[in-house]
């Protein structure tokens, strides 16, 4: 079975700093892969290479058989690469719902020609997109704050909105960059439930996370990175018992 996300011998450096040193990873549909390692290991850089923030120096990345070589961020998003960010990047002047509605690549109301020449079809599609966004917010128990400015909600709710916005992309590749940082209580449990559901629906999910309990609860397997290299891959239990991980991640 071919992998949904495939990185082959991917390399990236900034001057003398190597953030990806011949990285090869395959992620299957329905899999939740954890990326763990110390700060500076190259985990977020790997997401930036997949999503198009950085170009690769060498190697190749494919999603669902499509090469991402040379494609900008928006084209990768249209091919199904959805991600969250460590610092969320929500639009501070917008409501929760408005942040959701900027995400789809096919939102019809963005084009003046649609509004002028196809008003009925545009209105119907806009209504359908609105309903879809509200459906995702309902899954996350956020409908009550749909029209609230994102600056006026809790940090945990903002994290959930970041995930909700990523889910407005129907693609099969979901990259979650430290989704649990600063999240606790009900938001924590909701996040776990949604990630499980998305993997069960057939998405390939990759999670960068320092919360080891979250990784243990969710991930089928994990990759341990340091200094831009993959040092080990295996079950979470195997990695947590690794002396290499203990020395580099937790301290000798």
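The values are calculated or read from the model by the stated rules, or taken from the named source; none is laboratory data. Owing to the predicted nature of the structure, the values given are computational and were not obtained by experimental measurement. We place every Cβ from the backbone using ideal geometry, glycine too, and count neighbours over all the protein chains shown.
Can we say residue 90 is under 30 Å from residue 128 (Cβ atoms), exposed (fewer than 15 other Cβ atoms within 10 Å of the Cβ) and within 19 Å of the chain's Cα centre (by Cα)? Spelling it out, it is not the case that residue 90 is under 30 Å from residue 128 (Cβ atoms), exposed (fewer than 15 other Cβ atoms within 10 Å of the Cβ) and within 19 Å of the chain's Cα centre (by Cα). Restricting attention to segment 127-152 and to residues that are surrounded by fewer than 17 Cβ atoms within 10 Å (Cβ to Cβ) and at pLDDT below 90, the residue that is farthest from residue 170 (Cα to Cα) turns out to be 127. All of (1) surrounded by fewer than 17 Cβ atoms within 10 Å (Cβ to Cβ); (2) on the phi > 0 side of the Ramachandran plot; (3) in contact with a strand residue (DSSP E or B) (Cβ under 8 Å, 6 or more places away or on another chain) hold for residue 42 with one exception: (1).
None of 84, 62 is modelled with pLDDT of 95 or more and either within 25 Å of residue 202 (Cβ to Cβ) or surrounded by fewer than 16 Cβ atoms within 10 Å (Cβ to Cβ) (or both) except 62.
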